[in-house]
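Here the structure is laid out as structure tokens; the discussion comes afterwards.
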Amino acid sequence: MALPGPAVFEPGSRGSLDEAGAEGREAAALAAAGVALEDEEEDDGRRGLLRWDGFSAWLHCVCVVGFDLELGQAVEVIYPQHSKLTDKEVSKHVCLSVCLCSLLSVTYARSSWSVCVLAPTALLFSFRKPIFATCLFQTQIQKDPAYFYGYVYFRQVRDKTLKRGYFQKSLVLISKLPYIHFFHTVLKQIAPEYFEKNEPYLEAACNDVDRWPAPVPGKTLHLPIMGLVMKVRIPTCHDKPGTTQMVQLTQQADTHTSIILPTVHEVDLFRCFCPVFLHSQMLWELVLLGEPLVVMAPSPSESSETVLALVNCISPLKYFSDFRPYFTIHDSEFKEYTTRTQAPPSVILGVTNPFFAKTLQHWPHIIRIGDLKPAGEIPKQVKVKKLKNLKTLDSKPGVYTSYKPYLNRDEEIIKQLQKGIQQKRPSEAQSVILRRYFLELTQSFIIPLERYVASLMPLQKSISPWKSPPQLRQFLPEEFMKTLEKTGPQLTSGIKGDWIGLYRQFLKSPNFDGWFKTRRKEMTQKLEALHLEALCEEDLLLWIQKHTEVETVDLVLKLKNKLLQAGRESLPVKPDTVEKLRTHIDAIILALPDDLQGILLKTGMT
């Protein structure tokens, strides 16, 4: 949550817009869209928000970066003014990423927006930030508190009055949310108008964002922005990749909504994998195992969207290693990632600088791609080549690796995609096919692990209210391997190969470590919740009659700690269970002498 700060412009400045005008514009947009205003309960919550709290739920800040070929780049405007970005972050990440994006763009391009999926100058960059935050909602695409994402719209216009002949400026959205498609759409709507109307327009857009409801997973939201209304649904952890409930909503008459987004985060998967779809299963294995991987692309657009496509290909399994959609020589980890004194870390890098062809030559897996073809064009498939062939800056596109896949290639999906290309099937439809294939492959792989980990859970009958919750059994790799013979991936997948070898390698990977820690935490919380329910079912008043006052006081303190733990760790307990436990605590306290009642009532909340 951002700290409350001053208004975007000082009173009387050129960009000052009154609150009434902004509120009227929002109400008019919603009314035009036929959207009912928030109900009374939600209105009350909105009134309790401080200035810019609504904005901070979506964006950290908005920057305007100017670029001069002689003087360099500089952040000209930051909204809100109280937003915190260090000088190092501004100079090394925001400015330089925008600068490099402009230098790599097509010379005569008038303008282009850059959020991974469009135009030669498309760009998504990320950088580390020491933030201490927690994710309030369980969502399929949780924000990572250690990173910011930058979405850039770069504009280059020929201007003979300037010494170098070009006006160059970028609008940058900085957010903790990886909502690539959504922020691209926002930029597409506001950036062109901003370059025509300047600061007053940008201030008005920020005021609109400040009035948006929070991005709560599972809710369909109507978001007004400068006279338009975007209809979006934030995905949840229960959504399947490539599916959306917005499809049903779009089939209904919705003539007043300006823009309907079926997804907020997914990229055009097939367009990214198109040059390498013959090797898509091998790339899936490399990402699954957390192997060091470099994508060398001709522009930030191809770099960023290809890296994101790779990370998403193992969904719903979360990629727990680091990934940089657009990595430059100015990033703080440059020396760490290019040193030859230690093995490359588990990270996926997207690069464009030809300098990396030599500095990252020691990395075990390198994908070198050419320009991504527009939808409908048949791409030339790259080949798998040996790393020793990657010696020159003009090396041909290809997958440079000595990796031998554990699984046999699935020829069926290749034929299906090739047929789609021949029939000029839309890229969106091809992406649905490829995403479903990756989903089924990942699920076939992860289901045996889920089944085995579930068996580590103690039986519910072993949970006693008067003892600490039982511990999970230890994960034993060899014990798990024995289960694969009868309940392995062959039950759900027809792909042959060395599945056991793939599992053994996966158990050593950061993705397994992150996945298992998450599952262990979930199951431990479930045990705590079951223990809490067991306590609620006991006749605690009868218990205190058989025990001393000291033991009774100790019980009250433990029950209070349980309540605090349930709230602090968001244990999966029912609301009535918590209320029932509160009632038990109150009843026990009232059964004690008055002096003890006064002490216990002051000790924590009941």
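Other residues within the sphere of radius under 12 Å centred on the Cβ of Gln342, judged by their own Cβ, net out at +1 (K and R +1, D and E -1). Of the solvent-accessible surface of segment 490-562, computed with a 1.4 Å probe over protein heavy atoms with every protein chain present, carbon and sulfur atoms account for 54 percent. Taking Cβ atoms as reference points and 14 Å as the exclusive limit, the residues near Pro477 contribute a net charge of +1, counting Lys and Arg as +1 and Asp and Glu as -1. Legend: calculated FRET efficiency, Lys160 to Phe355, from the Cβ-Cβ distance at R0 = 25 Å, rounded to 0.05, equals 0.15. To put it simply, the accessible area of segment 146-243 at a 1.4 Å probe is 51 percent carbon and sulfur. Note on Glu412 and Glu450: with the Förster distance fixed at 25 Å, the Cβ-Cβ geometry gives a FRET efficiency of about 0.50. Centre-to-centre, using Cα atoms only, segment 565-599 and segment 166-226 are separated by 46 Å. Here Ser280 sits with roughly 10 square angstrom of accessible surface, probe radius 1.4 Å. Which stretch or stretches of segment 305-327 have amide N atoms under 19 Å from the point lying 7 Å from Ala343's Cα along the Cα→Cβ direction? 320-323, by backbone N distance to the label point. The trypsin sites (Lys or Arg not before Pro) of segment 284-378 that meet both conditions, a loop assignment by DSSP and at most 12 other Cβ atoms within 10 Å of the site Cβ, are Arg340.
A P(r) calculated from all alpha carbon pairs of segment 524-599, with 10 Å bins opening at zero, reads 18, 52, 25, 4 percent.
Length available on full extension from Val432 to His362: 0.36 nm per residue minus the Cα-Cα distance, which gives 21.7 nm.
Between rounded, prolate and oblate, where does segment 471-606 land on the alpha carbon gyration tensor, with a ≥ b ≥ c its root eigenvalues, rounded for a/c under 1.5, else prolate if a/b exceeds b/c? Judged from the Cα gyration tensor, segment 471-606 comes out prolate (a/c at least 1.5, a/b above b/c). List the residues whose amide H sits under 5 Å from the amide H of Val347, counting only those 5 or more places along or on another chain, with H placed 1.01 Å from N in the peptide plane. HN-HN under 5 Å from Val347: Leu293. Report the paramagnetic label zone for Gln545: residues of segment 573-597 whose backbone N is under 15 Å from a point 7 Å from Cα along the Cα-to-Cβ axis. The answer is 588, 591-592. Loop-located GluC sites (Glu not before Pro) in segment 545-587 (DSSP state other than H, G, I, E, B) with a sparse environment of at most 15 neighbouring Cβ atoms within 10 Å: Glu569. Mean sequence separation of contacting Cα pairs (under 8 Å, at least six apart), scaled by the length of segment 391-528, corresponds to a relative contact order of 32 percent. Here is the link list: Lys461/Lys560; Lys176/Lys231; Lys318/Lys580; Lys169/Lys219. Which ones come out longer than 31 Å on Cα distance? From the list (Lys461/Lys560; Lys176/Lys231; Lys318/Lys580; Lys169/Lys219), the Cα-Cα distance tops 31 Å for Lys318/Lys580; Lys169/Lys219. Annotation note: GluC sites (Glu not before Pro) in segment 455-543 located in DSSP loop regions with a Cβ neighbour count of at most 13 within 10 Å are Glu537, Glu538.
Annotation: for a label point projected 7 angstrom from Cα along Cα→Cβ of Tyr403, residues of segment 424-439 with backbone N closer than 19 Å are 435, 437-439.
With the whole protein complex present, Phe516 retains an accessible surface near 30 Å², based on a 1.4 Å probe. The local environment of Glu549, defined by Cβ-Cβ distances under 14 Å, has a net charge of -3 under the rule Lys, Arg +1 and Asp, Glu -1.
The values are calculated or read from the model by the stated rules, or taken from the named source; none is laboratory data. Values in this document were obtained by computation on a predicted structure and should not be read as measured data. For neighbour counting, all protein chains shown are included, and Cβ atoms are generated from backbone atoms with ideal geometry for every residue, glycine included. The area values use the complete protein model at the heavy-atom level, side chains included, leaving out ligands, DNA and RNA. Shrake-Rupley method; radii C 1.70, N 1.55, O 1.52, S 1.80 Å.
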